Amino acid sequence: MTRVWRRTAGYSAALFALLLGVVTVSAGIGPVSIPAGTVVAVVANAVAVPVGVEWTATAVDGGPLTAGLPLRVEFAHPFAFPVSSTQEAIVMRVRLPRILLAAFVGVGLASAGTVMQGFFRNPMADPGIIGVSSGAAVGAVSWIVAPAGVLALLGPLRPLLAGGAGLQIAAFCGALVAGFGVYLIASRDGRTPVATLLLAGVAVQTFLGAVVSYLLLHSGESIRRVTYWLMGHLSGASWSEVAAVAVVVPALTLVLFAYARDLNVLLLGETDAVALGVDAERSKRVLLAVSSVLTGAAVAVSGVIGFVGLIVPHGVRLLVGPDHRVLLPTSALAGGSFLVAADTFARSGVAELPVGIVTAAAGAPFFLYLLRTREVYDL
Amino acid sequence: MIDRSDGGSAPDDGDRGRDGASDRDGDPPMIAVRDLVVSRGGERVLDGVSLSVDRGELVGLVGPNGAGKTTLIAAVNGTLGIDGGTVELDGRDRRELSQREVARRVATVPQETNTAFEFPVESVVEMGRTAYVSRFGTTTEADREAVERAMERAEVTEFADRSVTTLSGGERQRVLFARALAAETPGLLLDEPTASLDINHQIRTLELVRESVDDGKAALAAIHDLNLAARVCDRLVLLAGGRVRATGTPREVLSDDALADAFGVRTAVNDDPAVGSPMVTALRDGDRGEDGS
C-alpha cells in the first residue's frame, strides 16, 4: 500500500539523517574535541575514486581490495580540505572505525530483535533468545581462555583463526552452532513450533551460561579480558571489523525487510498465516537463520551488548506501530543511532566503560518509563 | 434476504452433491473431498469423509463438538496435512498446489484470530491479498481495489483506520470476513463464523455469506447452531465421530434419525413458525418428544 511505503520512506529518511548526525557529532567528541565541520572535511578528504589500474610483475600491497594481487590501483582524491593531520588521524584511525562498528552492530541487533519479538509474539524476546549470544560467548571465552583447544576443534579454519580474528571467528562459530542446535532440538517432522523453540532456547542459554561460568573459573589471568568481552564493548575496533559488518549487516537486514509482510501475517498466528498463503515453516526458517547470523556477526565483533535488541524495537513500535514494513527499517536505523550514542557516552567518561553497561543502565529506566507512561504495544 | 433462495424443498435438490460430483456442465466442483482421513496425535479425527461444494452453493457442516468440523476445514485450506484420500480444489489436487495457489482458490474465515496487536483494520483486510503480492513487490491498484470492495461489502469501511484491538467481537468477525473476501477466491471456508456473536450479528454475518454465495462463490461453513444452519444453507453435511452421518437438504438431514444418533440426544424437529425452516429442539428424558415432521 503506497501509504505504508510513504511512511516507511519518511521515517527512514528522518532516522537516517539522525544517524548521520549522531555519527558526525560522535566523531567530534573525545579527549580532543573536533568541530563537526572538520569531521565532514576529513571524511570528504578520504573519499577515493579509482581512476587507473596497472598490472605489475609482482604482487603489491596496495590496500585491502587488491592485497596480494599484481595490481596497482591509482586513486584520485576529489576533495582536499585543509585539516591538520592530527585531527585526520584521530577521526579516521581512532574514532570512525569504532563509531561505524557501533552503528552496524546497532542496526544488526535492533533488526534481529524486532524480528524475534514478532516471530515469537513475545515482548521479552531479544536477538539472543535462541541461544545465539550464549553460543558466541562460549566461543569467545574458550578462545581467550584456551586458544589451543579452539584451534584443535576448528582445525579447518586454522589459517583464518591465526590471522588475528580468532576471537571473532570462534564467537561467530559458537553462535551458529548454538542457534542451529536449538533449531534442530525444537524441530520434528519438518515443523518447528514457536513455543518449543522458545523453551529450547532458554534451556540451551542456561546450559551455555554454565559453560561460560566454568570457563571463567579457570580463566586465570585473562579473567579481565573475558569479563570485558562478556559485558560488550567496542574499544579497539579495526577497519577490517568494520568492513566485515558493513557487508554482512546491510545484506542480511535487507533480506529481513523482504520478509516483513510474512512477519506481519505470522503475527496473526501460524494457522492464519498458512491459510492466507504463507509457507509458514519456510518463512520461519529464513527469519530464524538470517536473524541468527546477523546477531552472531554483531556479537562476534562487539561482545554481548544487551538491551539494544529489546528496547529499540519497543520504543520504535510506540512511534510507528506494529507493521513490520515500517517497523523493521526504522528500528534498524534507530538501533544504529542508539548504540553510537551509548558508545560515545561509554568512551567519553573519566574511565572507559564497556558499552553493554551503558545500554543496560540507560535502556532499562527508559523501558520502565515507557511501561509506565504508555501502554507498550502488545505483539 | 438471508434464507436460502430455493427454499430447499425442490425434489432434485437433495441429489445434488450426494454422490460427491457436480451436476453443472461437467465442471469439477469447487471443493471436492474424497475419502479424507486425517489423524491428530495418533487418532483418526476424520475417517473417510467425502463431500463436495459447487459454485453458488452454501454447504453447512454440522455435528456435535469434536466431530471433526474444524479439522475438515483445516484439511481443505492446507493448514493440516492429509493422511488419506484427496482434497480437490477446482479439480486440482490440493497437495500438488503450493500454499499460495491454495490461498488463491479458497479463503478462510477463522473462528477467532490473534488480534492482540494494534494493526489498523485496513492492514488486516489487506493481509487477505498475501497470496497475490510478490516478496519484493508492493500492492498493486488491483489489490487496493479488492481491499476496498471487500471492506465495503463487509461494512467495515467506516473503521478502516481503527485498530482491530478496539473493535467488538461482531465488528472483528466482519473484518475477518472482509479479509477473506479481499482474497477474491472462488471458494470460501468458514469455521464457526457466528460462534461468538449475538443473534443480530449472527444473522448479519450469515447474510453476508449468503450474498457472496449468490454471487457465485462456493462456501463450506462449520455451524454448530442447527437452526441457523438449516435456515441459510443449501445443503447440510452431518459429521459425527469423523464420518459423514447424513447429507442432503436441511429438511432431510435434520429429520433423519442420524441426528439423534450423532448428538446422542432425542430431538424434535418442527417448522420454525417465523421463517418456515426446520427447527430442532433437543429433548430431555422427561420431555414428551412429539416428532414434528
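Here are the numbers for this structure:
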quantity: Unit charges at the beta carbon, dipole of the protein assembly as shown: most positive-side option, A:Pro322, A:Ser33, B:Ser39; calculated: A:Ser33
quantity: Heavy-atom accessible surface of the stretch B:115-184: percent carbon and sulfur, 1.4 Å; calculated: 48 percent
quantity: DSSP H segments from chain A that extend 15 Å or more along their own axis, Cα-based, with Kyte-Doolittle mean of 0.5 or above; calculated: A:2-28, A:36-46, A:96-120, A:132-145, A:166-186, A:194-217, A:239-258, A:280-302, A:308-320, A:324-348, A:355-373
quantity: Distance between modelled label sites at A:Leu199 and B:Asp272, nm, 7 Å Cα→Cβ extension; calculated: 4.5 nm
quantity: Efficiency of FRET between B:Asp35 and A:Phe366 - r from beta-carbon atoms, R0 41 angstrom, step 0.05; calculated: 0.10
quantity: Volume in Å³ per residue [convex hull over Cα atoms, computed for chain A]; calculated: 181 Å³
quantity: For chain A, built as a Gaussian network whose Cα springs stay under 10 Å, the top-fluctuating residue of A:Gly106, A:Gly306, A:Gly209; calculated: A:Gly209
quantity: Fluctuation leader among A:Ala273, A:Ala136, A:Ala102 - chain A, Gaussian network, Cα springs under 10 angstrom; calculated: A:Ala273
quantity: Reduction of at least 50 Å² in accessible surface, 1.4 Å probe, comparing all protein chains with the chain by itself, residues of the stretch B:90-123; calculated: B:Gln99, B:Asn114, B:Phe117, B:Glu118, B:Phe119
quantity: Separation of the B:Ala260 and A:Thr24 label points, Cα + 7 Å toward Cβ, nm; calculated: 8.7 nm
quantity: Extension gain (nm, one decimal) between A:Arg282 and A:Ser213, 0.36 nm per residue minus Cα-Cα; calculated: 21.3 nm
quantity: Loop chymotrypsin sites (Phe, Trp or Tyr not before Pro), the stretch B:95-191, which have at most 16 other Cβ atoms in a 10 Å radius of their Cβ (DSSP); calculated: B:Phe136
quantity: Potential lengthening between A:Ala44 and A:Ala258 on full extension [0.36 nm per residue; Cα-Cα distance subtracted]; calculated: 73.8 nm
quantity: Buried solvent-accessible surface, both chains (B, A), 1.4 Å probe, Å² to nearest 100; calculated: 2600 Å²
quantity: Along each principal axis, Cα extent of the stretch A:187-226, largest first, Å; calculated: 47, 14, 14
quantity: Test item: Cα-centred dipole of chain A, Lys/Arg +1 and Asp/Glu -1 on Cβ, debye; calculated: 380 debye
quantity: Per-residue mean of C-beta atoms belonging to partner chains within 10 Å, peptide B:124-135; calculated: 4
quantity: Relative contact order of chain A, defined on C-alpha pairs under 8 angstrom at six or more residues apart (%); calculated: 26 percent
quantity: Burial ranking of peptide ranges B:263-274, B:46-57 (average Cβ count within 10 Å, highest at the top); calculated: B:46-57, B:263-274
quantity: Viscosity 1.306 mPa s, temperature 10 °C, Stokes-Einstein D of the protein assembly as shown from Kirkwood C-alpha radius, µm²/s; calculated: 56 µm²/s
quantity: Those residues of the stretch B:97-113 whose amide nitrogen sits under 19 Å from the label point placed on B:Glu211, 7 Å along Cα→Cβ; calculated: B:107-110
quantity: For chain B, accessible area per residue (1.4 Å probe, heavy atoms of protein chains only), Å²; calculated: 42 Å²
quantity: Overall Cα dimensions of the stretch B:115-184 - principal axes, largest extent first, Å; calculated: 33, 24, 16
quantity: Average silhouette area of the stretch A:94-223, convex hull of alpha-carbon atoms, in square nanometres; calculated: 9.8 nm²
quantity: Spacing of the two label points (7 Å from each Cα toward its C-beta) at B:Asp198 and A:Phe75, in nm; calculated: 7.3 nm
quantity: Antiparallel bridge percentage (DSSP; both residues within the protein assembly as shown; nearest 5); calculated: 65 percent
quantity: Percent RCO, i.e. relative contact order, over the stretch B:115-184, from Cα pairs under 8 Å lying at least 6 residues apart; calculated: 52 percent
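The values are calculated or read from the model by the stated rules, or taken from the named source; none is laboratory data. Remember, predicted model here, so these are calculated numbers, not experimental data. Cβ coordinates were reconstructed from backbone atoms using ideal geometry, including for glycine residues, and neighbour counts include every protein chain displayed. Accessible surface is based on the protein model in full, side chains and every heavy atom, while ligands, DNA and RNA are left aside. Shrake-Rupley method; radii C 1.70, N 1.55, O 1.52, S 1.80 Å.
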